[in-house]
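The structure appears below as structure tokens.
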Amino acid sequence: MRLTTTVNGTEVSVEIAADARLLDVLRESLGLLGTKEGCAAGECGACTVLVDGLAVNACLVPAAQVQGRGIRTVEGLARHGAHDALQRRFVASGAIQCGFCTPGMLMSATALLERNATPTRAQIAEAIAGNLCRCTGYEAIIDAIEAVAAQPRPGHAAD
Amino acid sequence: MPPTELLAPRDQRELVAALARTTDASRLVAGATDWMLGRRAGGNPPDLLIDLSHLHGFRAVGCADRRIRVGALSTCSQLQCDPVLATHARCLAQAAARVGSVQIRNVATIGGNVANASPCADLVTALVALEATATVIDGAGRATERPIAQLFASAGGSALRRDEAILEFAFAGAHPDRRSGFAKLGVRSSVAVARLNAALVVDLDPDGATIAAARLAIGSLAPAAFLAGEVAAPLVGTRIDAACPEEFAHRCLRLVDERIPERSSRAYKRLAIRGLAADLWSAAGAGTP
Ligand SMILES: Cc1cc2nc3c(=O)[nH]c(=O)nc-3n(C[C@H](O)[C@H](O)[C@H](O)COP(=O)(O)OP(=O)(O)OC[C@H]3O[C@@H](n4cnc5c(N)ncnc54)[C@H](O)[C@@H]3O)c2cc1C
């Protein structure tokens, strides 16, 4: 079957099997290797992407279900070749060590901040509970997300 | 092997037409959080895959004729913050909030939770406590309303036929003073399958204090969640602020002894259920006027 969908703002159209996983379509058909395959069972969150703004595990989503919808992967965060605020803060705060969980963490954090511009630490922890990190101990990641949330952003009144 | 054919019905009529074409090798999928794991475990691809996720008419929660109706395609993320459930069926909203992670809850549906028929399914336990019914439709277009317990085979697993789909759940909801709550224990605090889960529903008399009806459902102690009448019944007639949580916990413990006398997990579950009973008591707001 033919899948037509928008990935990082660009419409794409690829031939897929009816039961193909979104993860395989992103990595193998579209060459977007930023989205990682970890556990392949929805436990680790390394494959987190956004579908119409909602964080999902691409390893569990049938690609056919994203027909006509908007997908965002970690490759879609940078603007004009420059990392976005979350990516910069992850680097600056030591929220990245081996880096395998980072794309998924960034996407979960992006989904959170788009819905809740001023999350508490508990809300941040809840938002990334489905993303496992075996290196950092999570504190630096939560610090980074909290720091970005505290930054004044265009279109957001500082509180 | 011919490639899998995909059908994505958008309304009940298209769904019935799709169900009419199913064979033993056909499958239904909603949020796919259980289905994809099964698919990855191996076996032949289905001949026909019916994707229920486009049935937008069965994605909402509503209240009519003093019954609350929950579309089978409603996701856990939707249910956990639904205002109708927050008022009338808090145990279901709380159960939805405890399923997996944000990523899982964003797609996992209540229909999939029930049809998957796992003994530890969190939403099933809440639906059993609410004495919910399910409307099921088949490939001949026949819709039947069944008590939730009839959706599970006695030896475990689903009792749905291959050409049947759940459309919605319903339960009495207009009780003016209802307390309900859900609690679960897993190996970690989130993204954990329940080792034990429970939902408590308590309806108060018009005096706002005396318990008129009480129902407790327990999951992970049997092939499917069940109503534990012997634990809940003694609550009836007592005042909500005078009911004794320790006695309630003790009755829960006796239930573990009776239900799984031989199972290796009994020692753990005997200890765990006391904590679970305490969590449930406060989740339901029992013990407070
Ligand atoms: C990492 C992870 C964590 C999880 N954590 C929890 C948890 O904490 N608590 C919990 O209860 N569950 C948990 N689950 C299990 C799963 O997410 C839930 O059971 C979910 O509600 C299933 O819904 P779905 O829409 O994804 O179902 P699907 O995977 O799409 O379907 C499951 C089964 O139900 C059938 N089906 C689906 N919808 C219908 C319908 N309307 N009518 C008839 N048949 C239907 C399908 O054919 C399939 O056999 C977890 C799963 C994962 C992968």
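Summary of the geometry: segment B:51-80 and segment A:125-146, compared by the centres of their Cα atoms, lie 32 Å apart. Computed about its Cα centre, the charge dipole of segment B:71-163 is approximately 120 debye, with only Lys, Arg, Asp and Glu carrying charge at their Cβ.
Evaluated with a Cβ-only charge set (Lys, Arg +1; Asp, Glu -1), chain B carries a dipole of roughly 620 debye about its Cα centre, given to the nearest 20. 3J(HN,Hα) along segment A:77-86, derived from phi through the Karplus expression 6.51 cos²θ - 1.76 cosθ + 1.60 where θ = phi - 60°, amounts to 7, 5, 10, 6, x, 10, 4, 7, 4, 5 Hz, with x in place of Gly and Pro. Summing both sides, the accessible surface hidden between A and B at a 1.4 Å probe radius is close to 2000 Å². Our helix-only sum for chain A, with -39,500 (n - 2.57) per DSSP H run of n ≥ 4 divided by its residues, gives a mean residue ellipticity at 222 nm of -7500 deg cm²/dmol. Start at zero, step by 5 Å, and the Cα-Cα distances of segment B:103-178 spread as 3, 15, 26, 25, 16, 10, 4, 1, 0 percent across the bins. Derived scalar couplings between HN and Hα for segment B:84-93 equal 5, 5, 4, 8, 10, 8, 4, 4, 6, 5 Hz in order, rounded to whole Hz, by the Karplus curve 6.51 cos²θ - 1.76 cosθ + 1.60 (θ = phi - 60°), x for Gly and Pro. In the protein assembly as shown, with Lys and Arg counted as +1 and Asp and Glu as -1 at Cβ, which of these residues, B:Gln12, B:Ile166, B:Val256, has the Cα nearest the positive end of the dipole, that is, farthest along it? Of B:Gln12, B:Ile166, B:Val256, it is B:Val256.
In the full protein context, segment B:61-172 carries 35 Å² of accessible surface per residue, based on a 1.4 Å probe and ignoring ligands, DNA and RNA. For chain B, the carbon plus sulfur part of the accessible surface works out to 53%, probe radius 1.4 Å.
From the Cα trace of segment B:5-54, what convex hull volume per residue do you get, rounded to a whole Å³?
Details: hull volume 3.2 nm³, N = 50.
For segment B:5-54, the hull spanned by Cα atoms encloses 65 Å³ per residue.
In order along segment B:261-268, phi translates into HN-Hα couplings of x, 9, 6, 5, 7, 4, 4, 5 Hz, rounded to whole numbers, per the Karplus curve 6.51 cos²θ - 1.76 cosθ + 1.60 with θ = phi - 60° and x for Gly and Pro.
Find, among the GluC sites (Glu not before Pro) in segment B:211-271, those assigned to loop by DSSP (not H, G, I, E, B) with at most 12 other beta-carbon atoms within 10 angstrom.
Details: sites: B:Glu230, B:Glu246, B:Glu247, B:Glu258, B:Glu262; in loops: B:Glu262.
Here the GluC sites (Glu not before Pro) that fit, given the DSSP loop and packing criteria, are B:Glu262.
Translational diffusion coefficient, Stokes-Einstein: compute it for the protein assembly as shown using the Kirkwood radius over C-alpha pairs as Rh, at 10 °C and 1.306 mPa s, and state it as an integer in µm² s⁻¹.
Numbers: Rh = 23.2 Å.
Estimated diffusion coefficient is 68 µm²/s.
Comparing B:Pro223, B:Pro46, B:Pro261 in a Gaussian network model of chain B, where Cα atoms under 10 Å apart are tied by springs, the biggest mean-square fluctuation is seen for B:Pro261.
Please get the size of the charge dipole for chain A, origin at its Cα centre, with Cβ charges of +1 on Lys and Arg and -1 on Asp and Glu, quoted in debye to the nearest 20. Before the final figure, lay out the partial values.
Values: 13 positive and 16 negative charges, 44 e Å.
With only Lys, Arg, Asp and Glu charged at Cβ, the dipole is about 200 debye.
Reducing segment B:232-286 and segment B:22-36 to their Cα centroids gives an inter-centroid distance of 36 Å. In summary, chain B shows an alpha-carbon radius of gyration equal to 1.02 times the 2.2 N^0.38 Å reference for compact globular proteins. For q values of 0.20 Å⁻¹, compute log₁₀ I(q)/I(0) with the Debye formula on a Cα-only model of chain A, without solvent. Relative scattering, expressed as log10 I(q)/I(0), comes to -1.27. Annotation: amide H of A:Val61 within the under-5 Å range of A:Leu22, A:Leu23, sequence separation 5 or more or interchain, hydrogens built in the peptide plane. Rolling a 1.4 angstrom probe over the protein heavy atoms with all chains in place gives chain A an accessible area of 44 Å² per residue.
Count neighbours as other Cβ atoms within 10 Å of each site's Cβ, and list the trypsin sites (Lys or Arg not before Pro) in segment B:101-191 that are DSSP loop with at most 15 such neighbours. Filter output for segment B:101-191: B:Arg142, B:Arg161, B:Arg162, B:Arg188. A dipole drawn for segment B:39-104 from +1 and -1 charges on Cβ atoms has a positive end, and of B:Thr75, B:Ala93, B:Leu49 the residue lying farthest that way is B:Ala93. Cα extents for segment B:1-89 along the principal axes, largest to smallest and rounded to whole angstrom: 51, 29, 17. Here the accessible area is traced with a 1.4 Å probe on the protein chains. For segment A:2-76, carbon and sulfur cover 48 percent of it.
The values are calculated or read from the model by the stated rules, or taken from the named source; none is laboratory data. Remember, it's a predicted structure, so these values are computed and weren't measured experimentally. Counting neighbours? That spans all protein chains shown, and the Cβs are built from the backbone with ideal geometry, glycine included. SASA here: full protein model, heavy atoms, side chains in, ligands and nucleic acids out. Shrake-Rupley method; radii C 1.70, N 1.55, O 1.52, S 1.80 Å.
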